[in-house]
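Chemist: I have a structure here, written as structure tokens, and I will follow up with some questions on it.
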Amino acid sequence: MRILVLGGTVFLSKAVAVQAMERGHDVTVAARGESGQPPQGARFVKLDRDNPGEGLAALSRETFDAVVDVARIPAQVKAVLAALADRVGHWSFVSTVNVYADNSIPGQHPGNGKLNDPIDEDSTDPDIEVYGASKVACENLVRSAVGDKAFIARPGLIIGPGDPGYRFGYWPDRLAEAGEVLAPGDPQRLVQWIDVRDHAEWIIDAAENQVVGTFDAVCPPVPFQRFLDGVAEGMGTTPEFTWVDQDFVQAHEINPWSGEQSLPMWLPLPEYAGMLTHDVTASVAAGMRNRPVAESAADWYASMKDKPRDPQKGLTRAREAEVLAAWHGRDKS
Ligand SMILES: NC(=O)c1ccc[n+]([C@@H]2O[C@H](COP(=O)([O-])OP(=O)(O)OC[C@H]3O[C@@H](n4cnc5c(N)ncnc54)[C@H](OP(=O)(O)O)[C@@H]3O)[C@@H](O)[C@H]2O)c1
């Protein structure tokens, strides 16, 4: 198949291009080339979607069996649809679970989850504050232009080799050191993620098999304890987990999810009870497969060998030791 990946220079869209080439497809990637290099063997078309001009005009004279787009800005999505919709067999759009309006409801899926109101379809606003509303608008544009051939995937946290963020990486790094580890909240609370390679494979499978529809792209929910055990298995260590209840974690100003002094994959309940508990029965039936987290962790860690970590990201070891000491001393005060 002739496949056009809009993006292709970083993480998921690059993994899609690599996966498509490994299966023998003829792959074009179109981007500015600022986020990274296109994968070797792919044809590269220089395209700035803020100023598409000749780059998009050249693509619009071609035909593709499949297009994959990861954009978040509606005006960019609208422009490629106008140029390419009639010349394409299948269209994958990578959205996000952030399209859902209420993060407190467990068991949501595209058939029952209420969405954020969309931002204007001509919006060029890149602000993270409008991320969910922008992706809703992008999805709507895709459905109205190519709905009968569109595969819309809504990933949650994407993990694995090449991850430019540190929302997952904290745990392999921390569990590689083993010892006593601060584990936040209820060990039975559920979490979800998707490995970048599993997502890429599903997107190419969808193009090859003409899968259409809207699906959440995260693994079936797993208790946090099993997630951590899996990461530890991938690191080949046996840490001693000390589960510290949510109120105590919050009282000690540990941040959820990401950033400075945070514990990634941890979100406060009940306000985020729906964020990592999507019902993905339909996604599994539509071909999504999920590898063990031990493999994702080991491969991420290997991909980061000798690479610097941002010291501002995640809970520092010093702060973790202070909070653990306070937890153990709580009954003595
Ligand atoms: N990471 C997560 O945990 C997560 C979670 C939920 C959903 N998602 C979604 O998953 C997708 C991830 O995509 P990704 O891994 O490929 O990362 P990304 O950072 O969304 O990639 C953007 C791609 O688009 C290109 N691009 C950006 N601005 C451009 C412009 N003005 N003109 C042309 N190309 C442009 C970039 O290349 P150049 O910069 O080289 O142009 C890059 O190849 C996104 O849709 C994201 O919203 C991610």
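The values are calculated or read from the model by the stated rules, or taken from the named source; none is laboratory data. What you see is a predicted model; the values in this text were computed from it and never measured. Ideal geometry is used to build each Cβ from the backbone, glycine not excepted, and the neighbour counts take in all protein chains shown. Quick note on the areas: whole protein, heavy atoms, side chains included, nothing else; ligands and nucleic acids left out. Shrake-Rupley method; radii C 1.70, N 1.55, O 1.52, S 1.80 Å.
Chemist: Set the Förster distance to 56 Å, then compute FRET efficiency between Gln210 and Asp331 from the Cβ-Cβ distance, nearest 0.05.
Modeler: 0.35
Chemist: In addition: What does the extension gain come out to for Asp127 and Arg319, with contour length at 0.36 nm per residue minus their alpha carbon separation?
Modeler: 66.0 nm
Chemist: Measuring from label point to label point, each 7 Å out along Cα→Cβ, what is the Phe248 to Arg61 span in nm?
Modeler: With each label point 7 Å from Cα toward Cβ, the separation is 6.8 nm.
Chemist: Using every alpha carbon pair in region 197-243, what percent of pairs falls into each 10 Å bin from 0 up to the bin containing the largest distance?
Modeler: Spelled out bin by bin, region 197-243 gives 20, 34, 23, 18, 5 percent.
Chemist: Two-decimal Rg/Rh of the chain from alpha-carbon positions, Kirkwood Rh?
Modeler: Value, to two decimals: 0.99.
Chemist: Can you check how the C-alpha radius of gyration of region 256-333 compares to 2.2 N^0.38 Å, as a plain ratio?
Modeler: 1.53
Chemist: Show me the ranking of peptides 206-214, 71-79, 118-126 by mean Cβ neighbours inside 10 Å, starting with the highest.
Modeler: The most tightly packed comes first, giving 71-79, 206-214, 118-126.
Chemist: What ³J(HN,Hα) values, in whole Hz, does the Karplus curve 6.51 cos²θ - 1.76 cosθ + 1.60 give for region 31-39 when θ = phi - 60°, with x put for Gly and Pro?
Modeler: Result, rounded to whole Hz: 6, 7, x, 9, 7, x, 8, x, x.
Chemist: Can you pick out the pairs among Lys46/Lys135; Lys78/Lys305; Lys78/Lys307; Lys149/Lys305 whose Cα atoms lie more than 32 Å from each other?
Modeler: Result: Lys78/Lys305; Lys78/Lys307; Lys149/Lys305 exceed 32 Å.
Chemist: Just how far, in whole angstrom, is region 100-159 from region 284-328 if you go by their alpha carbon centroids?
Modeler: 27
Chemist: While we're looking at this one, here's another question. Report the gain in length on full extension from Asn51 to Asp26: 0.36 nm times residue separation, minus Cα-Cα distance, nm rounded to one decimal.
Modeler: Stretched out fully, the Asn51 to Asp26 stretch lengthens by 6.4 nm.
Chemist: Could you tally the net charge around Ser262, taking each other residue with its Cβ under 9 Å from the Cβ of Ser262, Lys/Arg +1 and Asp/Glu -1?
Modeler: After counting each charged neighbour, the total is +1.
Chemist: Let me ask something else about it. Ignoring ligands, DNA and RNA, what accessible area per residue does region 2-155 give at 1.4 Å, in Å²?
Modeler: 43
Chemist: Additional query: Take the Cα radius of gyration of region 191-333 and divide it by 2.2 N^0.38 Å, with N its residue count; two decimals is plenty.
Modeler: Compactness ratio reported: 1.24.
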